[in-house]
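The values are calculated or read from the model by the stated rules, or taken from the named source; none is laboratory data. What you are looking at is a predicted structure, and each value in this text was computed from that prediction instead of being measured. Neighbour counts run over all protein chains shown; Cβ positions are idealised from the backbone, glycine included. Ligands, DNA and RNA are stripped out before the accessible areas are found, and what is left, the full protein with its side chains, is counted by its heavy atoms. Shrake-Rupley method; radii C 1.70, N 1.55, O 1.52, S 1.80 Å.
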Amino acid sequence: MSSRLSKVIALFFMFAVALSFLWPIFDIDFPWHVKTGEYIYTHGEIPKSDPFTIGSNGSPTEKFILSQYWLAQVLFYILFKAYGPIAIVLIKSLIFTSLIAILWASMKETPVVITAAVLYVAVMILMNYTGERPQLFSFLFALLTIVILERYRLDGSRSALFFLPIVMLIWANCHGGFILGNVLIALACSSETIKYLLFRRYTSPLNDKQLMLLLFTGLFSILISYLNPNSHYAYSFAIGGIGPASQIMEYQTPLAETLGAFAKNANFLYWSLMGYVLVILALNLRKTDITHLALVSFTLALSLTAVRYVPFFVLCGVIIAGRYTSGIGASLRYRHKEKVVLLLNIAVLIAVMIWAGGKIKSWPGFSNLSKIGWVRFNPQSAAVFINQNIEKANIFNSHNTGSWLIFGLYPKFRLFMDTRAYNSKLSALTTNISFAVDAEYDATSTTDALGELLPKDYGTIKIGVGQPPASGKTPIKRGGHTPFWREQLLKYDIDLIIHEGTNYFTGEIYPLPLRLIKDDEWKLIYLDGRVLIFVRDVPRFRDVIERFSLDKSKVYDEIGMENSPKLGSAHAGVYSSLAFALLMKGTSDDATVRKYIKQALYLDPNHLVANYLQGFMALKDKKLNTTKENE
C-alpha cells in the first residue's frame, strides 16, 4: 500500500512540476539565440562577427558569445521554426521535470514526506532560472554527469560511464558551462585516486581496473570537450568573465541579493536547502564519501560566488544528500509506525494534489503558450510598424529591447545595440546616449532634461546629483556646443530612435526622449505604452512624418502608460515619473502629483527626480502665495 501510494504521490508531484515550468517565453535573450541559430543553420557556418548590430568589433568576447552556444541555438531555431514558441516551452518544462524526476529517483529510499518537502523547495528555487536559453542544457548535463559518475562508483556500471564523453561533447557545444562538468569529473577522479592511495583501509575504493577505467574515461571526456568552436579559450572566459559582472544581477552573490531591497523567497529557500544538505552530511560525517564531500563543497562554494550558479548546488546537494537519508525511516522505532507513515503519506498526497490543482487553475493554457507578444521587452507592434512604413534607417535602440528588435527587424535592419552587450565600450556609449549626457560620464543629464521642460516662472532649482549612469568617471568636457549624445547620433548617422520612456525595472525616466521633445530635428511618429519612435526630419522620412507625426507632449502619455501598471511597486522611480508626467500634462490636480512625490521620497529619501520635483512644487507654492499676498 505504502509503495503504491508513494508512486501516486510521485506522479502527481511530477505533474505539478511540469505545469510549474510550462509558461510562455519570457527571456530577454531568447530571440537573439533563435536568430543566431537561424544564421548558423541558413549560412552553414558560425558568424565570425555580429551580423545583427553595428557594434561588431571582432573582439575575442564577441567571437566567444557568437559561437559557444551554437548547437543549442540551432536546436532552438529548428524547433521554433517547425512548431513555434510552444516547442521551446515544452522543452523547458521537460528539462526541469526530468531534473526533478532524477532527484526523486535518487531519494527513493528516503521517506516520501522528506523527499516531497526537499524537492518542493528545489522546484521553488529552480523556478527563478527558467529563462529560455542554452543554460538549460548545462543544468541537465551537470546532473547527468553526476548521475553517471555515481552509477559507476556505486554499481560499477561501465555502460553508464561510456556515455560521459558523449555528454561532454554535446555540452561543450551547447553552453560554456561544460567547464563545470570538467571540474566535476576532475574532482571525482582525484577523490577516488586519493581514496585508493591513502584511505584504502577505511573506505571501499574502486579496484585497480575500475579506477583506471574511470581515470581514462574522465580524461578522455575532458579532452573531447575541447572539440568546440572556442577550444581551450573557453576557460579564459570562464575565469575572466565576458563583461562587467558587477552590473549584472545574476553575478550578485546570494548573500548580497538576500540582504538587498528586493530579496525573493528563493533567496531564503536557498539558505534553507543549504542547511538541509550540510546537516545531513554533518550527521553522517563518519561515513560520508570523500568524493561526495568534494562535489558538494565545490558546487556550494561556486554558488556562494554568484546566484547564477545556485542551481548547480541545488542539483548536486540534493542528489548527494539523498544518499544519506535513505535510512531515516528504517531507523525510527515506535508503535503504530506503519499507520503513522500511511497518514503522513496521505497528507503529502493531499498537499501535492492541492499544489497541482493550483497550477491547473493558474495555468495559461496551450493557446497562450504560443504567444510571445506579452513579453516585457518585446516591442513587437513597433517592429511591425517600422517594417511596414520604413524602407531604410540607421537605428538607435536601448539595451533592453535589442534582442526582440533583432527578432522583428533583422535582416532588413541592423540595430545599434544587442541585449547581450558584449561590446563594453558600445554598451557604455548606449547608456550615455539613453541618458542624453552633455559630456561623457556626466551625471546631471536627468535634472538638466527636467529643467528644460518644467516652467521657468517659479525660479531655479539647484540639487545635488547622484552617480553617473555609465560609470563613476570624471565627466569629459568637450569644446564646442554639440552635446555628447547628439554628437554620437551624428557620428553613427542615426536617423531613427526606438526607445522606452522609462526603465522597465525601476520606472526611472530616460532623459533622451525628454531632450527630443525640444529638438525640432526629431519628430515623434509612434508610441504604444512600451516604446517611442522618433525619426530625423529628413526628406526620405517626410511621407512617414506627414502620415504619423504626433504631438511631442504624447511623450508624457507614454511615461504614464509605462508606469501606471507598476503602481504598488517598491521603486521610487515609478512614482516620480508619474508625478512628472501628470505635472507636464496638467490633467491632474497638484494633490495627486504631491502624493506621488511623497511616495517616491518615502521609498527613497535621496531620490534625485523626486527631490527635484519637490523643489519645483515648493517654488510654485511660494510664487502662488506671493501673488495672493500682492493681490
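The Cα atoms of segment 114-238 give a gyration tensor whose axes a ≥ b ≥ c have a/c of 1.5 or more with a/b no greater than b/c, which makes the shape oblate. For segment 27-79, the alpha carbon positions stretch 31, 26, 17 Å along the principal axes, listed from largest to smallest. Under 29 Å of direct C-alpha separation, and excluding same-chain neighbours fewer than eight residues apart, residue 623 reaches these lysines: 456, 462, 518, 552, 554, 585, 595, 598. Take the chain with all the other protein chains still there, run a 1.4 Å probe, and you get 46 Å² of accessible area per residue. Quick one: check the C-alpha center-to-center distance for segment 191-221 versus segment 576-621, whole angstrom. So the separation of the two Cα centres works out to 69 Å. Taken along the Cα-to-beta-carbon direction at a fixed 7 Å, the label points for residue 505 and residue 199 span 4.2 nm.
Going highest first, how would you order 496-502, 144-150 by mean Cβ packing within 10 Å? Write out the running numbers ahead of the final one.
On the way: 496-502: 24.1, 144-150: 22.3.
Ranked from most to least packed, the peptides come out as 496-502, 144-150.
Once both labels are positioned 7 Å from their Cα atoms along Cα-to-Cβ, the gap between residue 283 and residue 11 label points is 3.1 nm. Mind checking which lysines have their Cα closer than 20 Å to the Cα of residue 491? Skip sequence neighbours fewer than 8 apart in that chain. Correct list for residue 491: 392, 425, 477, 523. Just so you know, the Cα atoms of the chain work out to an Rg and Dmax of 28.6, 103 Å. Give me the distance between the Cα centres of segment 74-90 and segment 305-322, rounded to whole Å. Between the Cα centres of segment 74-90 and segment 305-322 lies a distance of 28 Å.
Label zone of residue 338 (point 7 Å out along Cα→Cβ, amide N under 18 Å): in segment 112-136 this covers 112.
Carbon and sulfur together cover what percent of the accessible area of the chain at a 1.4 Å probe radius? Each step should come with its number before you reach the end.
Numbers: 17470 of 29040 Å².
In the chain, the share of accessible area belonging to carbon and sulfur is 60 percent.
Assigning unit charges at the beta carbon (Lys, Arg +1; Asp, Glu -1) and nothing else, what dipole magnitude in debye, to the nearest 20, does segment 373-440 show about its Cα centre?
Working: 6 positive and 4 negative charges, 49 e Å.
The dipole magnitude comes to about 240 debye.
Its Cα centre serving as origin, the chain has a Cβ charge dipole (Lys and Arg +1, Asp and Glu -1) of approximately 2120 debye. When shorter helices are ignored and each DSSP H run of at least 4 residues is given -39500 (n - 2.57), the per-residue value for the chain at 222 nm works out to -19000 deg cm²/dmol.
Largest first, the residues 323, 536 sort by 1.4 Å accessible area into 323, 536. For residue 589 and residue 554, what is the calculated FRET efficiency with R₀ set at 22 Å and r taken between the beta-carbons, to the nearest 0.05? Rounded to the nearest 0.05, the efficiency is 0.55.
Given 0.36 nm per residue, what is the gain on full extension from residue 45 to residue 59 after removing their alpha carbon distance, in nm? Working shown, then result.
On the way: separation 14, 0.36 × 14 = 5.04 nm, distance 1.82 nm.
So the extension gain works out to 3.2 nm.
By a 1.4 Å probe calculation restricted to protein chains, residue 551 has an accessible surface near 100 Å², given to the nearest 10.
Seen against the Cα atoms of the chain and their longest principal axis, helix 608-630 is set at about 30 degrees.
Listed values for segment 270-283 are Karplus-derived 3J(HN,Hα) couplings in whole Hz (6.51 cos²θ - 1.76 cosθ + 1.60, θ = phi - 60°), namely 4, 5, 5, 5, 4, x, 4, 4, 5, 5, 4, 5, 5, 5, and x replaces Gly and Pro.
Here r is the Cβ-Cβ distance between residue 394 and residue 231 and R0 is 56 Å; the resulting FRET efficiency, rounded to 0.05, is 0.95.
Treating each Cα of segment 1-44 as an identical point scatterer and summing with the Debye formula, the log10 of I(q)/I(0) at q = 0.21, 0.22 Å⁻¹ comes to -0.75, -0.78.
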